[in-house]
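The values are calculated or read from the model by the stated rules, or taken from the named source; none is laboratory data. Everything quoted here is computed from the prediction, not taken from an experiment. Positions of Cβ are backbone-derived with ideal geometry, glycine not excepted, and every protein chain shown enters the neighbour counts.
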Amino acid sequence: MQEAMINKAKQLLADGTVSRVIGWKRGEFAYDITPAVFETAEELEKDFVFDDFTSANVSKYLVKESKKEGKVLVFLKPCDTYSLNQLTKEHRVDRDNIYVVGIPGGPKLDIEKIKAKGITGITSVKNDNFTLKIETLYGEETMPFYEAVLDKCASCKSKKHVTYDELIGEDGDTLESNRFDMVEQLENMTSQERYDFWRSELSKCIRCNACRNVCPACTCENCVFDNPASGIDNKAPADSFEENMFHIIRAFHVAGRCTDCGECSRVCPQHIPLHLLNRKFIKDINSLYGEYQAGADTTSRAPLTDYTADDCEASIVHERGVE
Amino acid sequence: MQVNDNKEFQPLIVAFCCNWCSYAGADLSGTNRLNYPTNVKIIRVPCSCRVNPMFILRAFQKGADGVILCGCHPGDCHYTSGNYFTRRRMTLLFSMLDFLGIERDRTRVEWVSAAEGAKFAATMNEFTEAVKKLGPNRRLEDLRCRKQ
Ligand code: SF4
Ligand code: SF4
Ligand code: SF4
Ligand code: FES
C-alpha cells in the first residue's frame, strides 16, 4: 500500500495536478507516525510512511493547506472523509483546492496496548498473518494483532469513503458498530456511579488541549478556551471546576458536528475516554431528533441549528431511564 | 415572601427568565402577591436562547443547587424561534449533566407566559421543593483539588 501511495503521489506531482502532499512520516520511534507535508518525489521516497501505526486523521491540516497556492493531495481513510465533509460543510476548507485519494482504513495499532503487555524497548512491529512480531532491544516478542487494535478502530462505524476524487483499493460499507455500548452501560448506572466514574476520569486531565487541537470540528479561529478573560483559558487545574467546564463545553460545541473520528481519545496522554462524551450526544441526537451522522454529507442541516415545532421537551431527560 | 427556617437545608436556585414572557410572569406573580421562595434568584435574559450552556455550568460552579430556565411557550417567542433552539440545546445539555452524575431533578426548562403569574409561583415552589429533597448539589469537582 505504501508503495502504491508513493507512486500515486509522485505521478500527481509530476503531472502538475497537485503541488504538495499531506501524508505521514516517522517520528522519533518506529511507531511514532506523524503527519507531514511533502513537496518533491525525493522527499516522498525518503520519508513517506504508511503502516499499521498510521492512524492520524490529517483532514484538519487542510484548513491551512487548502488555502495555499496550488492543489493539495491528501490521503484519507474512510473515517477521515467524514471529517473532511464536515469541514467542507462549515466552509473551513476549500474543497476545490483538495485532491482526495481514498485509502483503506484500519484496524490500526495502539502502541500503548503493546507496551501494556510489559513489552519495552520496541524497535519495530510487523504484522505476520495477524500475529505481531515485535523486535525489541531485548529480543523478539509476539502478540495477537487484535489485542493491540486502537479503540477507535475496534468500534469503527464505516469503511465507506463519503468523499474522494480517486480510490486506491476497494470501497467498503457502513458498519453495524458497537460504538454506543459503553455509553449505554454508563446510562444504566446510578447517577452516583456515573458521578464517581467521571470524577476519576476527568480529574486526570492536564489541560494539554491536545484533544481540542486535534479535533477536526474544533477549528474556531478564536476558541473560547484561548480567551484569558473567560476564566477558563488553558492553565493548570487550580480550581476544582475548570476541567469539567472545558470538557462539557467542548463536547457541547461539537455536538452534532463531531464526526466520531476518535482522535480526541487517541491523542489524550491521560487516556480519558473522551469519545464517550461525544457519543452520548450522538446517541441522544439519534434517538431524539432522528439518525444523524455529521460528515455523512455536506448539505443536511445540523441538529442544533434546526428544530421542529413538535420536538420533545427537555423533561424527557427526567422521564426516561433508571436513576 | 416565605421566611426561611435556618435549620432546614435551603437550596440556592437560579432561574433564567426571558424578558418577554417569563420575567413578566414573575412580575405578575409579585403584583398578585403570590408567594414563591426567596431561594430563587432570577436572572433576566433577552430570550431563553440567550442562555449559553456555560451560564448553566457557571451557576452550578458558583454554588447553585438547581437551575431552571423559563421562556415563552413554543410558538410565542418574541424572536419567533429562539425557544425552539433553547429546547434542543437544553435537552441535550441536561441529558449530558445527568450522564456526568448531576441528578436530573436539578435542571428544568419551563414555559411561562406573561399572563401566567400563578404558574410561575407554582413552578418555583415545586422546583425548590424537589431540589430541597435532593440536598446540596454534589460539585463537579476535581479530585486533585479536594480538601483533605
Ligand atoms: S487531551 Fe486529555 S489531558 Fe489533554 S486536555 Fe484533552 S482530556 Fe485533558
Ligand atoms: S470530538 Fe473527538 S471524535 Fe469528535 S470529531 Fe473531534 S476529535 Fe473526532
Ligand atoms: S472548544 Fe469550542 S470554541 Fe474551542 S475550538 Fe472547539 S468548538 Fe471552537
Ligand atoms: S423571547 Fe421568550 S423565549 Fe424567546
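Helices (runs of 4 or more DSSP H) wholly in the stretch A:1-99 with at least 2 residues that are touching a Gly at 6+ places or on another chain (Cβ under 9 Å) - which ones? Before the answer, list the steps.
Numbers: elements: A:2-14, A:41-47, A:62-65, A:78-89.
In the stretch A:1-99, the matching helices (runs of 4 or more DSSP H) lie at A:2-14, A:41-47, A:78-89.
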query = If you check A:Arg257, A:Arg320, which single one turns out to be at pLDDT 90 or above and under 23 Å from A:Leu186 (Cα atoms)?
reply = A:Arg257
request  = Taking the residues in the stretch A:209-226 that are in a helix (DSSP H, G or I) and in contact with a Lys or Arg (Cβ under 8 Å, 6 or more places away or on another chain) as candidates, determine which candidate is farthest from ligand 2 (Cβ to nearest atom).
outcome  = A:Phe225
query = For the stretch A:186-209, which residues satisfy the criterion of being under 15 Å from A:Asn278 (Cβ atoms) and more than 8 Å from chain B (Cβ to nearest Cβ)?
reply = A:Glu201
Single residue of the stretch A:239-293 satisfying the filter (among the small types (Gly, Ala, Ser) and either assigned to a helix (DSSP H, G or I) or under 21 Å from A:Val224 (Cα atoms) (or both)) that is farthest from the chain's Cα centre (by Cα) = A:Ser240
query = Is it true that B:Leu57 is farther than 20 Å from A:Trp198 by Cβ and either within 13 Å of chain A (Cβ to nearest Cβ) or within 16 Å of ligand 4 (Cβ to nearest atom) (or both)?
reply = no
request  = State all residues of the stretch B:106-132 that are out of contact with any strand residue (DSSP E or B) (no Cβ under 8 Å at 6 or more places or on another chain) and within 13 Å of chain A (Cβ to nearest Cβ); if no residue qualifies, say none.
outcome  = B:Glu126
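Pick from the stretch A:264-301 the residues that are β-branched (Val, Ile, Thr) and touching a Ser or Thr at 6+ places or on another chain (Cβ under 8 Å): which of them is farthest from the other protein chains (Cβ to nearest Cβ)? Lay out the reasoning, then the answer.
Our first condition is that a residue be β-branched (Val, Ile, Thr); within the stretch A:264-301, this holds for A:267, A:272, A:282, A:285, A:298-299.
Pick out the ones that are also touching a Ser or Thr at 6+ places or on another chain (Cβ under 8 Å) and you get A:272, A:298.
Working: A:Ile272: 13, A:Thr298: 22 Å.
So, considering only residues that are β-branched (Val, Ile, Thr) and touching a Ser or Thr at 6+ places or on another chain (Cβ under 8 Å), the one farthest from the other protein chains (Cβ to nearest Cβ) is A:Thr298.
Residues checked against (1) closer than 30 Å to A:Pro144 by Cα; (2) surrounded by 19 or more Cβ atoms within 10 Å (Cβ to Cβ):
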| position | (1), (2) |
| --- | --- |
| A:Glu3 | yes, no |
| A:Phe29 | yes, no |
| A:Phe53 | yes, yes |
| A:Ser59 | no, yes |
| A:Lys64 | no, no |
| A:Glu69 | no, no |
| A:Leu84 | no, yes |
| A:His91 | no, no |
Residue within the stretch B:46-56 that is β-branched (Val, Ile, Thr), surrounded by 22 or more Cβ atoms within 10 Å (Cβ to Cβ), in contact (Cβ under 8 Å) with a residue 40 or more places away in the chain and touching a Gly at 6+ places or on another chain (Cβ under 7 Å) present = no
task = Give the number of residues within the stretch A:294-323 that are assigned to a loop (DSSP other than H, G, I, E, B) and more than 16 Å from ligand 3 (Cβ to nearest atom).
result = 20
ask   = Is there a residue being away from ligand 1 (no atom under 12 Å from the Cβ), within 14 Å of chain B (Cβ to nearest Cβ) and touching a helix residue (DSSP H, G or I) at 6+ places or on another chain (Cβ under 9 Å) anywhere in the stretch A:143-151?
value = no
